[in-house]
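Encoded as structure tokens, the structure appears first; notes follow it.
The values are calculated or read from the model by the stated rules, or taken from the named source; none is laboratory data. Predicted, not measured: the structure shown is a model, and the values here were computed from it. Cβ placement follows ideal geometry from the backbone for every residue including glycine, while neighbour counts extend to all protein chains displayed.
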Amino acid sequence: MPTLLQRLKRLWPYINNSRAGLLAAVAGSVVTAITEPMIPALMNRLLDEGFTKGTLALWMVPAAIIGLFALRSLSGFVAQYGLAWTANRAVLALRQKMFARLLAAHPTLFSKNTASGVTNTMVYEAQAGVQQLVTSLLTLVRDSLTLVALLVYLLTLNWQLTLLVALLFPAVGLVMRVIGRRLHRLTVEGQKAVDELAYVVEENMLAWRLVRLHGAEAQQNERFFARADRVRQLLMKALVAGATMTPVTQMLASIALSVVIMLALWQSSSGGASVGGFVAFVMAMLQLIAPVKHLSDVMAPLTRGLAAVERGLDLIELSPVEQGGTHDGGRARGDISFESVSLRYRDDTPPAVDTLDLQVRAGETVALVGPSGAGKTTLVNLLPRFIEPTAGRITLDGVPLADWDMLALRRQFALVSQDVVLVNDTVAVNVTLGAPMSTAQVRDALRGANLLDFVDGLPQGVDTPIGHNGSQLSGGQRQRLAIARAIAKDAPVLILDEATSALDSESERAVQDALERLMVGRTTLVIAHRLSTIEHADRVLALDGGRLVEQGTHAELLAADGLYARLHAMQFRS
């Protein structure tokens, strides 16, 4: 297991940008620590010179007390402000780096992590973790300096007794080390349990219609309770581990304090110390208890903060980034070639695509048909490199996809899927989606998707917000908005995955006309379960089990009386 210092070094680049605030916090802590032994020192002079000798002026004591605590208040404020400034800037830098990695991450990140887990790490744990960590580190610095200052003062008063006090610290360090390891393990388990709990909430938010339709409320409630109770159990275990540290430390401190006071009393009775010196020594000893307690208490938030921040750092450092080439040929012609391409999602499952050889000419419209699981969607997802083949290669205009610059490659494709995804913004933003366009261009795309009349009737026209994933729109309107986005992108290769599945007959005909106009001069791959929509494709490819079993025109495949003919007959019979 890495040491605390090694783990903290990973966070330093994010705190390093806020060194001014960190230095202010440390400076304030140093001043606070230095003023700590001034209190017993003041009491020493007050007893020995004020009460015993009467040599102190009356105004000196209140002036010293007020000045001392004013200085402590100012240094405490500077430390707190510098700490907050440092923590918030570190959170901002960490979040920016995490989100940038999310945008550039290899697609495996999205298959191996839940959305709720990544959201929890990026939004909540980054904030809480950095703040806990920086607060804990400030406590560590401030109270360590306070201990040093008090021990130095105690050494000047009575070095023999001070050495006896120093024997306390190895025992406290051992307790903190043992309990700290247990706290780290419980914290990591707790984070995973919280992720599982958040995922249950996420699923029920997305599938609330399905849950209610099937009357699964009680089942989901039990599932939620089981995850929530697991979180509770782990929190209680972590609480017990953290709470154990303070009483053990205080017991050790009380034993050391009792022995020291007993010896100090013996020394005083034998004439080895003045009254003021004795009282100052005991006061400084008592003042040691607070920083020792704080240092024992700091282990729990320090461990939680480090564990939370490390999840974000792992997301940045361990998530692979998409790797592209350097080729950017501008607008592609649209020649696509699959050369012995295979893809297997898992080693213990059949291939989704099995040794496929296929050439699609520029400007050709190719329809992909086949039973569910035949590999149609997998095939088109290979083109923008959302997934990678396990064997073979794919080329665009004769250049392997791996050699294309990733941004340049994805500029060549426009996708309309049956699973429409819209951003929580305006109609115009959803049409343009990252590409600057004029209002006229947005309106032309909406007109082409047979959606302009509807949008013009909205309160703010193209600037109307559409809600979470288009929740303010009907299913057909959402799909037409996705089609408008594809029209606006004007890419040379068009992928239509059940692009008209949610439209009524009238809208489907209007959109189909728009799509047919859009397909002119473009390479188009169409996935359609309604075979009537692909009768005019240049070629129809029938897939089964990831293999290309037949290809030809609609009429040729019907005459061949193979898989396509059977699918066609079943659909029209139904």
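Taking THR432 as the residue in question, decide whether it is hydroxyl-bearing (Ser, Thr, Tyr), assigned by TED's automatic domain parsing to the domain that holds ALA484 and at positive phi. Criteria not met by THR432.
Applying the condition of being among the polar types (S, T, N, Q) and in contact with a Pro (Cβ under 6 Å, 6 or more places away or on another chain) to the stretch 120-167 and asking which residue is farthest from VAL194 (Cα to Cα) yields THR146.
Just one of the numbered conditions (1) touching a Phe, Trp or Tyr at 6+ places or on another chain (Cβ under 6 Å); (2) at pLDDT below 90 is not true of LEU356: (2).
Scanning the stretch 96-111 for residues that are among the aliphatic types (A, V, I, L, M) and free of Cβ contacts under 8 Å to residues at least 60 places away in the same chain returns ALA100, LEU103.
When ARG101, ARG95 are checked against the criterion of being in contact with a strand residue (DSSP E or B) (Cβ under 9 Å, 6 or more places away or on another chain), outside any loop (DSSP other than H, G, I, E, B) and either surrounded by fewer than 16 Cβ atoms within 10 Å (Cβ to Cβ) or modelled with pLDDT of 85 or more (or both), ARG101 stands alone in meeting it.
The set of residues from the stretch 397-423 being among the aliphatic types (A, V, I, L, M), touching a strand residue (DSSP E or B) at 6+ places or on another chain (Cβ under 6 Å) and not in a helix (DSSP H, G or I) comprises VAL399, ALA414, LEU415, VAL416. Search the stretch 341-364 for residues being of a type in the set (D, E, K, R) and closer than 10 Å to THR390 by Cβ, and hand back the single one that is surrounded by the fewest Cβ atoms within 10 Å (Cβ to Cβ). Across the stretch 341-364, the extreme among qualifying residues is ASP347. When the stretch 372-396 is filtered for residues that are touching a residue at least 12 places away in the same chain (Cβ under 8 Å) and either in a helix (DSSP H, G or I) or farther than 21 Å from VAL353 by Cβ (or both), the ones remaining, listed by number, are LYS376, THR377, THR378, LEU379, VAL380, LEU382. Taking the stretch 254-276 as the range and being among the small types (Gly, Ala, Ser), in a helix (DSSP H, G or I), modelled with pLDDT under 70 and surrounded by 13 or more Cβ atoms within 10 Å (Cβ to Cβ) as the test, the residues that pass are ALA264, SER268, GLY276. Applying the condition of being in a loop (DSSP other than H, G, I, E, B) and in contact with an Asp or Glu (Cβ under 9 Å, 6 or more places away or on another chain) to the stretch 285-330 and asking which residue is modelled with the lowest pLDDT yields VAL298. Of everything listed in (1) modelled with pLDDT of 90 or more; (2) in contact with a His (Cβ under 6 Å, 6 or more places away or on another chain); (3) not charged (D, E, K, R), the single unmet condition for LEU531 is (1). Regarding ARG10, is this residue at pLDDT below 80, surrounded by 14 or more Cβ atoms within 10 Å (Cβ to Cβ) and in the same structural domain as VAL148 (by TED's automatic domain parsing)? Criteria not met by ARG10. At least 2 residues being out of contact with any Leu (no Cβ under 8 Å at 6 or more places or on another chain) and of a type in the set (D, E, K, R) is the threshold, and among the helices (runs of 4 or more DSSP H) wholly inside the stretch 426-535 those reaching it are 439-448, 452-456, 505-519.
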